[in-house]
Amino acid sequence: MAPKKVDKKKGQFDALSLVGTPIVVIDRDRKVLFMNGFALDLLGKGLDEVVGKKCYELFDTDHCNTDECGCMQAVEQETSIIAETRSRGLGDMDIKYYATPLKDENGEIVGCVETLIDVTEIKNLQEKSVLMAKEILEVSTPIVTVFDGVLTLPIIGTLDSQRTQQIMEALLQAIVETQARVVIVDITGVSIMETLTATHLIKATNAVRLLGATAIITGMSPRIAQTLVNLGVDLSELSTKSRMVDGVMTAFELLKKKVIDVE
Amino acid sequence: MENDTIIKISGDADIIRCRTEVRKVAAELGYSVPDQTRMVTAASELARNIVVYSGEGRMIICLVSNSSEKGIKLIFEDNGPGFDIGEAMEIGFSTGNGLGLGLPGSQKLMDEFDVKSKKGKGTTVTAVKWLRS
Amino acid sequence: MAIKGKIPVLKVGDNLLVSIQVDMTDEMAVHLQEDILNQLIATDVRGVLIDISTLDMIDSFLARSFSETAQMAATMDTAVVIVGMQPAVALTLVELGLELAKVHTALNVDRGMELLENLKLGSREA
């Protein structure tokens with residue numbers, strides 16, 4: 001059966017020229033039937049240069065000629081598809097496109113109407129946000145050497161899976177680099193500890209031990225102690241001190257050092 | 001898919017080959033060392049399952065991508081005796097000499113994990129780890 | 001004497017020193033366990049130091065092998081210290097919830113030897 005052809009009535013797509021975003025209309029063979037002024041401007045071509053050409057030749061996106069082509073999906077599934085891709089034909093522009101099936105007066109699908117939006121700017125901002133978030137994470141969890149062989153790590157806020165991962169990786173690396181023997185994890189700044197966070201904390205102390213260092217947890221509130229006990233953690237296995245300063249003194253003991261007054 | 005790496009698994013030495021190949025591909029793609037190690041460890045467990053329970057099978061390394069990320073998919077398939085998935089996923093289950101930690105452990109290390117197995121029909125384990133930016 | 005595929009176990013004083021330099025097959029791990037056990041039985045060794053600084057992966061099989069070695073050694077009043085675990089390996093072990101029961105750990109060989117001596121002293125005083 002021959003593919004349905006669109007009856008080219010004069011001015012059929014003129015209304016689309018009024019819409020303020022790039023619009024492309026193609027038939028089931030993916031040949032361009034129409035493009036409004038905004039779309040033509042993006043391509044830098046005239047209407048007569050694009051009509052009849054294959055849309056993938058003009059736009060050349062990552063989705064073209066693959067199962068991910070939104071237009072083909074829209075036609076096959078008879079529904080609207082929203083997708084994002086990159087278009088080489090538009091100079092490596094990141095675009096978001098909406099594809100809707102085009103129907104003739106009998107309700108048969110004869111092609112696809114596509115609206116394009118340039119999202120390059122948005123993507124840049126998104127990438128910047130991600131970078132900033134990473135920096136914030138790094139800054140908010142500084143690993144400080146308070147003494148030769150003693151590291152401290154103050155934890156503020158909640159520990160989600162990703163953050164714990166990052167902290168643990170940084171901490172273990174620091175232990176190797178500084179040859180630390182003691183790590184003081186201060187959780188004074190953690191008011192509530194959810195089960196997941198507590199599990200992560202325990203994992204962190206176990207990892208520290210595997211590297212031959214001792215982990216001391218300071219600033220543990222009774223509430224958090226309760227959470228850990230409920231989790232089945234044997235608190236007697238954990239080295240804990242209520243204040244950071246006591247943690248440091250314990251670290252000194254472990255390192256066989258003591259503080260004396262200088263006369 | 002072209003460019004997939006396929007490793008035949010039939011013995012001890014092949015488990016090492018699996019580790020080495022996965023490490024290589026993951027490093028090339030830019031995975032962090034901890035993530036590389038997670039994948040290599042999961043691959044080791046799953047390759048060993050094939051050696052221990054089926055005797056013969058293979059691992060396929062594919063590069064995959066979705067709309068926002070790139071990743072690596074590891075497929076372990078064999079025509080061995082198969083098993084009841086429900087039982088196997090309980091930590092500690094083991095009929096062989098292994099610890100039985102192979103499946104649940106590997107699942108923890110990967111982002112996506114799927115096991116298809118039928119007694120007498122063989123097993124296919126598919127695991128994906130996405131590249132964290 | 002280096003036998004192909006075998007990991008050398010050296011006796012130095014009353015310690016056994018093992019340096020794992022290659023990717024270990026399961027068979028090699030089993031042999032290593034046996035070699036260590038044989039030496040523990042045959043000699044007056046009181047400590048075992050295993051250097052895993054070049055090991056870039058420890059899976060459940062290897063973890064169990066180390067644990068078993070340490071547990072057997074403990075029955076013979078001998079301490080096992082593993083040194084040089086890479087951070088990525090420690091992270092994975094912890095995520096897998098693999099406990100290296102009875103295995104002591106240290107950052108490097110020097111600290112490991114120090115720890116071994118302390119452990120031996122400790123058990124003598126006990």
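The values are calculated or read from the model by the stated rules, or taken from the named source; none is laboratory data. Everything numeric here is computed off the predicted structure, so don't read it as measured data. When we count neighbours, we look across all protein chains shown, and the Cβ atoms used for this are built from the backbone with ideal geometry, even at glycine.
Do any strands (runs of 3 or more DSSP E) lying entirely in the stretch C:29-121 carry at least 1 residues that are more than 9 Å from chain A (Cβ to nearest Cβ) and not β-branched (Val, Ile, Thr), and which ones are they?
So the answer is C:47-51, C:79-83.
Could you list, in sequence order, all residues of the stretch B:22-52 that are of a type in the set (Ser, Thr, Tyr) and in contact (Cβ under 8 Å) with a residue 60 or more places away in the chain?
Once the filter is applied, which keeps residues that are of a type in the set (Ser, Thr, Tyr) and in contact (Cβ under 8 Å) with a residue 60 or more places away in the chain, the stretch B:22-52 yields B:TYR31, B:SER32, B:THR41.
Give the residue, chosen from A:LEU102, A:LEU18, A:LEU42, that is in contact (Cβ under 8 Å) with a residue 24 or more places away in the chain and over 12 Å from A:GLU114 (Cα atoms).
The unique qualifying residue is A:LEU42.
Quick test for you: out of A:THR240, A:THR214, pick the one residue that is crowded, with 19+ Cβ neighbours inside 10 Å and within 27 Å of C:GLU99 (Cα to Cα).
Exactly one residue qualifies, and that residue is A:THR240.
Do we have any residue at all in the stretch C:17-27 that's touching a strand residue (DSSP E or B) at 6+ places or on another chain (Cβ under 6 Å) and of a type outside the set (S, T, N, Q)?
Checking the stretch C:17-27: at least one residue is touching a strand residue (DSSP E or B) at 6+ places or on another chain (Cβ under 6 Å) and of a type outside the set (S, T, N, Q).
Which of the residues spanning the stretch A:152-195 are surrounded by fewer than 17 Cβ atoms within 10 Å (Cβ to Cβ) and charged (D, E, K, R)?
A:ASP160, A:GLU177, A:GLU194
Restricting to the stretch B:13-36, count the residues that are at the interface with chain C (Cβ under 9 Å from one of its Cβ atoms) and within 18 Å of C:ASP26 (Cα to Cα).
Within the stretch B:13-36, residues that are at the interface with chain C (Cβ under 9 Å from one of its Cβ atoms) and within 18 Å of C:ASP26 (Cα to Cα) number 5.
Just the residues that are away from every other protein chain (no Cβ under 14 Å), within 16 Å of A:ILE95 (Cα to Cα) and of a type in the set (Ser, Thr, Tyr), please, taken from the stretch A:39-84.
Correct list: A:TYR56 only.
Go through the stretch C:9-28 and give me each residue that's under 30 Å from B:ASP35 (Cβ atoms) and assigned to a strand (DSSP E or B).
Of everything in the stretch C:9-28, those that are under 30 Å from B:ASP35 (Cβ atoms) and assigned to a strand (DSSP E or B) turn out to be C:VAL18, C:SER19.
Suppose we filter the stretch B:47-88 for residues that are among the hydrophobic types (A, V, I, L, M, F, W, C) and at the interface with chain C (Cβ under 10 Å from one of its Cβ atoms); how many remain?
Final tally of qualifying residues: 3.
In this structure, does A:THR178 turn out to be over 22 Å from A:MET220 (Cα atoms) and of a type in the set (Ser, Thr, Tyr)?
Criteria met by A:THR178.
Say whether the condition of being of a type outside the set (A, V, I, L, M, F, W, C) and either assigned to a helix (DSSP H, G or I) or under 23 Å from the mean Cα position of the chain (by Cα) (or both) is met by at least one residue in the stretch A:30-43.
yes
Grab the helices (runs of 4 or more DSSP H) fully contained in the stretch A:144-263, keeping just those with 1 or more residues being within 12 Å of chain C (Cβ to nearest Cβ), in contact with a Lys or Arg (Cβ under 8 Å, 6 or more places away or on another chain) and modelled with pLDDT under 85.
Filter on the stretch A:144-263 gives A:161-178.
Quickly run through the stretch C:99-119 and pick out the residues that are without any contact (Cβ under 8 Å) to a residue 40 or more places away in the chain and crowded, with 17+ Cβ neighbours inside 10 Å.
Result: C:LEU100, C:LYS102, C:VAL103, C:HIS104, C:THR105, C:ALA106, C:LEU107, C:ARG111, C:LEU115.
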